[in-house]
Each structure stands twice: as C-alpha cells, then as structure tokens.
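Enquirer: Pasting in a structure now, in structure tokens, and then I'll have a few things to ask.
The values are calculated or read from the model by the stated rules, or taken from the named source; none is laboratory data. This structure is a prediction, so every number in the text was calculated from the model and none was measured. In this analysis, Cβ positions are derived from the backbone assuming ideal geometry, glycine residues included, and neighbour counts consider all displayed protein chains. The accessibility values were calculated without ligands, DNA or RNA, using every heavy atom of the protein model including side chains. Shrake-Rupley method; radii C 1.70, N 1.55, O 1.52, S 1.80 Å.
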Amino acid sequence: MKIHIDEAKCVGGGQCVVAAPEVFDQRDEDGVAFLLMENPGSELHASVQEAALLCPAVAIAVAER
Amino acid sequence: MTLSRIVVVGASAAGLTAAETLRREGFTGRLTLIGEEQHPPYDRPPLSKQILKGEWQPERIALRPAEALDGLDAEWLLGRKAVSLDVAGRTIELADGVQVPFDGLVVATGVRPRRLPFARELDGVHALRDLEDALKLRDSLRSVPSVVVIGAGFLGAEAAAVARELGCPVSLVDPLSAPMVRQLGGDVASRVASLHRAHGVDVRCDTGVTGFTEDRGRVAGVRLDDGSEIPAEVVLVAIGSVPAVEWLRDSGLPVGDGVLCDEFCEAAPGIVAAGDVASWVHPDHGRIRVEHRMNATEQGMAAARTLLGRRLPFAPVPYFWTDQYDVKIQAYGRPCADADFTVVSGGPDGGPFAGVYGQNGRITAGVTWNMPREARALRAQVIERAPWPRPAAAAANG
Ligand SMILES: Cc1cc2nc3c(=O)[nH]c(=O)nc-3n(C[C@H](O)[C@H](O)[C@H](O)COP(=O)(O)OP(=O)(O)OC[C@H]3O[C@@H](n4cnc5c(N)ncnc54)[C@H](O)[C@@H]3O)c2cc1C
Ligand code: SF4
C-alpha cells in the first residue's frame, strides 16, 4: 500500500491520526500530517482506508499494490 | 430487506461518501447518483480560500480522480435536477420528466444561499456556494474593487479576508455583535473582529442592511440601518443558507429545517439523509443540523450503513475549521454563545491559543487558534466531557 499526503491540501484537523495513529502524525508547527511509516502492514490497511475516506480535505491518496 | 437499487440525490461530499461506503461495505446492486451540477463531485471549502484567491485552478478541487469515480461502478446523472419524490411509489422525478425508481434512497442535496428579502437582480451582487459563484467572484475581484460583505459568519469572514489580501477595500457588515459570534461565542469572536481590523477591514457589527443603491442595473452601495451608506462595486451576500428541500415538498417525507431524520439518519424506511441537508437526533445534542465539511463525510458513511442494516446512532464529535489570513481556527464539539469559555493555553491578544467551552462544570467544546495539535488533544477532552479546568490551572497555562 502506497500512501501520499498532499501537504498543501491538509487542513490539520488530525482525523487521520485518530483513525490510524500508527501511521499518521501531525507536525508540531502547523499541524500538517505526515507518515510514521511508508508501507503499513496489511493489518493497518482498513484503518488507513478509513483515514483517507474521513480526511475532510481529501489530502490522503492510497494506492493498493 | 435487501436493496437492489440505491439512488443518491446530491453528488457532492455527503452523497459521494455514501456511495463509496455502500460499495466498500458490500452493496453490489445498481447504484445511481443524481446531481444538479454539471461537474463531477468537487470540494467546497477551497472555494472561499484558494480558488477565490486565484491560487488553485478548479481541477485541484476534484473530490476524486476520474478512475476512482469509474471504479464505483455507478450510473451518474449529472446536470440533472430532482424535482419530486414519491415515497410510496418509490420513484424520483427529474426536471426533464424522467422517472428514476429506487428501493433505497440517500438525500444529500445540501443547502442553498439565503437571499436578502429585498434582493433583486443587480450586477455586482454575488452569492458563494458553488464553483461558478467562486469563479465569478474571483474574476470580479481582479480589478481591485471596493467590496462589502454582508454577513460575518465563517463564509463571509473568509471571503472578506481574501478580498483584503487581494488589496480590495473591504467592509464586513453583520447585525450581530461580532464576526462568527454564533459559532464561537463572544470572546473568540471579538478576536476575529480584531484580526480583521488589524488587516484593514472596516468591520461594522450590530449593523443591519436595509437596501442597495444602484447605478443603471449595477450595485453602487449598501444602505445600513443607521442611515448611512457604504459605496460598493462588489457585494457578497453571505447571510447563511437554507436546506435544499424544495423538491421534497409534498413527498410525505418529514421536512422542517432540513430532512428530519432519527438518530440513525433515517427519515422513512429505506430513506436516509446526510450532510448539510440532514437534521437528525444526536444522542448527546438532540436534534441538530450541521453545515460543516467533516460532517458531510461522517454522516454520508453513517447513512449508508443504516441503509445496509448496520444501524448505529450517529453520534459524531462535530468538527470545523476556517482559514482567515494566516490564522487557522479549529473547533471540536458544539461551541455555543452562552457556554462558559476559558483560555487554557497561549492567549496573549492576537497570538495562538487554545480554549474550552463548558456547561455545568464539564468541557463540551474546544477551539484552537493556530494550534492544530492542541485541537486533537481538546477533542479527547470533549469526548470525555472532562471536568472544567480549575482557574489556577487555566491561569498557569495562560
Ligand atoms: C465556500 C464554502 C466554504 C466552506 N468552507 C468550509 C470550511 O472551511 N470548513 C468546514 O468545515 N466547512 C466548510 N464549508 C462547508 C462544507 O463545504 C459543506 O458542509 C459540505 O460541502 C456539505 O456537503 P454536502 O454534500 O452535504 O452538500 P453540498 O456540498 O452542498 O452538495 C449538495 C449537492 O446537491 C446538489 N443538489 C441540490 N439540490 C438538488 C436536486 N434537487 N437534484 C439534484 N442535485 C441537487 C447540489 O447542486 C450540490 O452539488 C464551506 C462551504 C462553502 C460553500
Ligand atoms: S485528516 Fe487529512 S486534513 Fe486532517 S490532518 Fe490528516 S491529512 Fe491533514
């Protein structure tokens, strides 16, 4: 699974961190999300998908591979 | 009952999320999305921000790439408006007379801008809800006209900020005591007023609008209830919105301030609603309707699950944000004007801070001003209904 965060779109509400805390965190200075891991294991795929669906700024793109 | 044909009316944030959730959670029947706008689903919050400012082109705000929409395996009826619903006969009629049958229905038609009672068609008077509105307003700001924004809710306040950043002389007029006071309460609202004044906006609160002056079909000024007049080349009317339920009149569906749903987002058997148009019974807050982006997504998911028989009361922690100049305000819960409010960190005037709202000694909502990470921490406190911070703690942090 490949995850991409569009930093310019991110509005920093942290819904991704709530949905998948193992995978996402937010920068201290502006709250923009970043990845804690590039390739989350399959046990995390559902919560990453949930994060991408929930993100209110449509800033998370997920490609399965 | 298993459903074989689900129709979603309103192809935007809530409708698209509902459709995606239906597919993701196993619905394999026929799926149809009906949308009045020509465009595939796009995101609205950037309309009053990056699009209005001219920083982003419209392609940037597509909610999904074309392949993802194709992957939904749905029938798209775009540029088509639903004009009536027959609940018993389970059909929707479109403006061109076509009848669309369904057995499950998602109502996600959002809201439309409220109009001024005296409004007539005048050049230079704008509303802001869809992409066309935003492009038209953006283009009209190119000549750096004088701008009056009527209504200082989050939409009006954001647009005023953008017009100011583009160099326009801007007045922001509202009958209430401060910008966004209904959403944020008096303390934070007065900081929003100071922010706009510091950027040179002429903020006129406690002031109503009684009419326009015009010059050959074009707006020339805005008349205020104190008898004065502000000259204006461009006027934005941002006085709130009304749910887009006109097509449901006479349908038998319960309609009031929006589509009236139960706690599962259901309005009638097999008929659910989501997003700005949906009023539902929140287990903690009672009957509410929420016009924020996060809710469109969460309620789209919840409503789809209800249709599929996975019924859970919809009990989100409401969230919204707004961007004005270099300030991002974020709020969790339902801040309200008559709740207690205290700053819990930061706070010197104009600088970043976090604050909480409460009632009966419990935290019910939180707000941050350029402190996004704290917003998430406050969310947890809102969920727990954490005890009200003791004055000492509040003071030590503040
Ligand atoms: C300019 C602007 C800025 C915003 N900024 C923020 C922000 O910063 N933060 C935030 O939290 N929220 C913001 N919002 C609110 C957020 O965009 C909305 O809550 C969200 O778009 C609601 O989604 P929805 O799908 O319920 O409704 P909508 O997005 O309004 O979609 C409803 C769709 O239904 C269609 N429709 C209506 N009637 C019919 C019919 N009879 N037949 C067929 N189709 C129909 C409409 O054309 C529309 O496409 C903003 C809104 C606007 C307009
Ligand atoms: S949910 Fe989306 S907008 Fe919010 S912090 Fe995560 S990536 Fe950013």
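Enquirer: Whole number in Å², please: accessible area per residue of the range B:115-237, 1.4 Å probe, ligands, DNA and RNA not counted. Write out the running numbers ahead of the final one.
Expert: On the way: 5320 Å² over 123 residues.
Accessible area per residue, the range B:115-237: 43 Å².
Enquirer: So what is the relative contact order of the range B:115-237, in percent, for Cα pairs below 8 Å that sit 6 or more residues apart?
Expert: 31 percent
Enquirer: Here is a follow-up. Run the numbers for B:ILE288 and B:ALA95: contour at 0.36 nm per residue of separation, minus the present Cα-Cα distance, in nm. Show your work: numbers first, answer last.
Expert: Values: separation 193, 0.36 × 193 = 69.48 nm, distance 3.03 nm.
Length gained between B:ILE288 and B:ALA95: 66.5 nm.
Enquirer: Give me the net charge of B:ALA220's neighbourhood, meaning all other residues with Cβ under 12 Å from the Cβ of B:ALA220; Lys, Arg count +1, Asp, Glu -1. Numbers along the way, then the final one.
Expert: On the way: positive: B:ARG216, B:ARG218, B:ARG223; negative: B:ASP123, B:GLU214, B:ASP215, B:GLU229, B:GLU233.
Its environment carries a net charge of -2.
Enquirer: Then there is this: Counting residues in the range B:228-283 as N, plug N into 2.2 N^0.38 Å and put the Cα Rg over that result. If you can, show how the numbers build up before the last one.
Expert: On the way: Rg = 16.7 Å, N = 56, 2.2 N^0.38 = 10.2 Å.
Taking the Cα Rg and dividing by 2.2 N^0.38 Å, one obtains 1.64.
Enquirer: Could I have the simple spin-label model distance between B:THR2 and B:ARG23, label points 7 Å from Cα toward Cβ, reported in nm to one decimal?
Expert: Each label point is offset 7 Å from its Cα along the Cβ direction, giving 2.0 nm.
Enquirer: So, one more: Please sort B:126-132, B:111-117 by packing, taking for each peptide the average over its residues of neighbouring beta carbons within 10 angstrom, highest first. The partial results should precede the final answer.
Expert: Working: B:126-132: 18.6, B:111-117: 14.9.
Order by mean packing, descending: B:126-132, B:111-117.
Enquirer: Place the peptides B:244-255, B:326-337 in order of packing, highest mean first, counting for every residue the other Cβ atoms within 10 Å and averaging per peptide. Walk me through the numbers before you get to the answer.
Expert: Numbers: B:244-255: 17.1, B:326-337: 20.8.
The packing order, highest mean first, is B:326-337, B:244-255.
Enquirer: Enter the angle in degrees (range 0 to 90, nearest 10) between the Cα long axis of helix A:45-54 and the first principal axis of the Cα atoms of chain A, meaning the one along which they spread out most.
Expert: 30 degrees
Enquirer: Run lengths n ≥ 4 of DSSP H only: what is the helix-derived mean residue ellipticity at 222 nm for chain B, with -39500 (n - 2.57) per run over all residues, to the nearest 500? Walk me through the intermediate numbers first.
Expert: On the way: 9 runs with 98 residues, N = 398.
Value at 222 nm, helices only, nearest 500: -7500 deg cm²/dmol.
Enquirer: Please report the equivalent ellipsoid semi-axes of chain B, computed as sqrt(5 x eigenvalue) of the Cα gyration tensor, largest first, in whole Å.
Expert: Working from the Cα gyration tensor, I get semi-axes of 35, 29, 18 Å.
Enquirer: Now for a separate question. What residues qualify as long-range amide H neighbours of A:PHE24, i.e. H under 5 Å apart, gap of 5 or more or another chain, H built at 1.01 Å from N?
Expert: Result for A:PHE24 returns A:LEU36.
Enquirer: Taking θ = phi - 60°, what integer Hz values does the Karplus form 6.51 cos²θ - 1.76 cosθ + 1.60 yield along the range B:326-337, in sequence order, with x for Gly and Pro?
Expert: Values per residue, Gly and Pro as x: 9, 10, 10, 9, 10, 9, 10, x, 10, x, 9, 4 Hz.
Enquirer: Here's another thing I want to ask about it. Would you kindly give the portion of the calculated P(r) for the range B:63-127 that falls above 15 Å, as a percent of all Cα pairs?
Expert: So the pairs more than 15 Å apart make up 70 percent of the total in the range B:63-127.
Enquirer: Using only the Cα atoms, what convex hull volume per residue in Å³ does chain A have?
Expert: Normalising the Cα hull of chain A by residue number yields 69 Å³.
Enquirer: Averaged across B:161-169, how many Cβ atoms of other chains sit within 10 Å of each residue's Cβ atom?
Expert: Details: counts 0, 0, 0, 0, 0, 0, 0, 0, 0.
Average per residue, whole number: 0.
Enquirer: Under a 1.4 Å probe, what is the accessible area of the range A:2-63 per residue, stated in Å²?
Expert: Working: 2560 Å² over 62 residues.
Heavy-atom SASA per residue in the range A:2-63 reads 41 Å².
Enquirer: If you roll a 1.4 Å probe over the protein assembly as shown with all protein chains in place, what percent of the accessible area is carbon or sulfur? Don't jump to the answer; show the numbers that get you there.
Expert: Values: 9750 of 19400 Å².
Answer for the protein assembly as shown: carbon and sulfur cover 50 percent of the accessible area.
Enquirer: Still on this model: Run lengths n ≥ 4 of DSSP H only: what is the helix-derived mean residue ellipticity at 222 nm for chain A, with -39500 (n - 2.57) per run over all residues, to the nearest 500? Write down the numbers at each step before the final one.
Expert: Details: 2 runs with 15 residues, N = 65.
For chain A, the value works out to -6000 deg cm²/dmol.
Enquirer: Given Cα pairs under 8 Å that are at least 6 residues apart, what percent is the relative contact order of chain A?
Expert: 46 percent
Enquirer: For the protein assembly as shown, compute Rh as the Kirkwood radius over C-alpha pairs and then the Stokes-Einstein diffusion coefficient at 25 °C and 0.890 mPa s; write the answer in µm²/s, rounded to an integer. Could you put the intermediate results ahead of the total?
Expert: Working: Rh = 23.1 Å.
Translational D for this selection: 106 µm²/s.
Enquirer: Another question about this same structure. Rounded to two decimals, what is Rg over Rh for the range B:326-396 when you use alpha-carbon atoms and the Kirkwood radius?
Expert: 0.93
Enquirer: Please express the Cα-Cα pair-distance distribution P(r) of the range B:30-186 as a list of whole percents, one per 5 Å bin, running from 0 to the bin with the greatest distance.
Expert: 2, 7, 14, 16, 15, 14, 11, 10, 7, 3, 1, 0
Enquirer: While we're on this one: Give me the inter-chain shielding for B:367-376: mean count of other chain Cβ atoms within 10 Å, whole number please. Don't skip to the end; give the middle numbers.
Expert: Numbers: counts 0, 2, 0, 4, 3, 13, 10, 1, 5, 8.
Going residue by residue through B:367-376 and averaging, the value is 5.
Enquirer: Can you list residues whose amide H is under 5 Å from B:VAL149's amide H, if they're 5+ apart or on another chain and H is modeled 1.01 Å from N?
Expert: Here B:SER171, B:LEU172, B:VAL173, B:LEU236 satisfy the definition.
Enquirer: Follow-up question, since we're still on this one. In straight Cα distance, which lysines are under 29 Å from B:LYS81, not counting same-chain residues fewer than 8 positions off?
Expert: Hits, sequence-local ones excluded: B:LYS49, B:LYS136.
Enquirer: Another question, if that's okay. Compute for chains A and B the buried accessible surface, both sides summed, probe 1.4 Å, and express it in Å² to the nearest 100. List each step's numbers first, then the result.
Expert: Values: alone 3920 and 17510 Å², together 19400 Å².
Using a 1.4 Å probe, the pair buries roughly 2000 Å².
Enquirer: Could you work out the relative contact order of chain B? I mean the mean sequence separation of Cα pairs under 8 Å and 6+ apart, divided by the number of residues, in percent.
Expert: Relative contact order of chain B: 15 percent.
Enquirer: Give me a single rounded figure for A:55-63: the average over its residues of other chain Cβ atoms within 10 Å of their Cβ. Numbers along the way, then the final one.
Expert: On the way: counts 2, 13, 6, 12, 0, 0, 3, 0, 0.
Whole-number average of other-chain Cβ neighbours for A:55-63 is 4.
Enquirer: Further question: When the chain is fully extended, how far beyond the present Cα-Cα distance does B:ALA315 get from B:ALA198, taking 0.36 nm per residue of separation? Could you put the intermediate results ahead of the total?
Expert: Working: separation 117, 0.36 × 117 = 42.12 nm, distance 3.87 nm.
Additional length available on full extension: 38.2 nm.
Enquirer: Just to be sure I understand the model, the point goes 7 Å from the Cα along the line to the Cβ. What's the resulting A:ASP28 to B:ASP257 distance in nm?
Expert: 4.3 nm
Enquirer: At 1.4 Å probe size, with every protein chain present, just tell me what the per residue accessible area of the range B:326-396 comes to in Å².
Expert: So the range B:326-396 comes to 46 Å² accessible per residue, rounded to a whole number.
Enquirer: Describe numerically, in nm with one decimal, the distance between label points set 7 Å from Cα along Cα→Cβ at B:ASP225 and at B:VAL83.
Expert: A separation of 3.9 nm, rounded to one decimal place.
Enquirer: Also, quick follow-up: Can you give the log10 of the normalised intensity I(q)/I(0) at q = 0.13, 0.17 Å⁻¹, computed with Debye over equal Cα scatterers of the range B:115-237?
Expert: Each listed q corresponds, in turn, to -0.46, -0.81.
Enquirer: Separate question: Roughly speaking, what % of Cα-Cα pairs in the range B:245-398 are separated by over 28 Å, rounded to a whole number?
Expert: Numbers: 3626 of 11781 pairs.
That fraction is 31 percent.
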